[in-house]
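> Structure incoming, see below.
Nothing in this text is a laboratory measurement; each read-out follows from the coordinates by a stated rule. Please read all numbers here as calculations on a predicted model, not as lab measurements. All Cβ positions, glycine included, derive from the backbone under ideal geometry; neighbour counts span all protein chains shown.
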């Protein structure tokens, strides 16, 4: 069951019948032998919703010689096969401050079509700068 789309929380129905979602929130971190260990079974996902978490302050870090500011988004993964009105997984993701929830979903949809799978990984560094955050595929 998917939620209905509302203005503040857009919903992206994935183009294929769905994708497998792998999560590795407890990944080993920066420059370890294995950067992707599947520690949960794959879940079937066919829709994603996104909203900005207004109560979480934006983070600003130095990336090289430039400052980068990131907003916190709540990304929820849905399965139409599920009879319950709850997301399969919800995760906080940081993305560029200038992005709207729809921008995030547009980038997500393009990225997932390229990779044909969804991976949620806990990261600890951004271009060598210590910064603990979650990533989805190559979206940072």
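> Put a dot 7 Å past each Cα toward the Cβ at residue 86 and residue 54; how far apart are the dots in nm?
2.6
> Under a crude label model (7 Å from the Cα following the beta-carbon direction), how far is residue 65 from residue 16 in nanometres?
Distance between label points: 4.2 nm.
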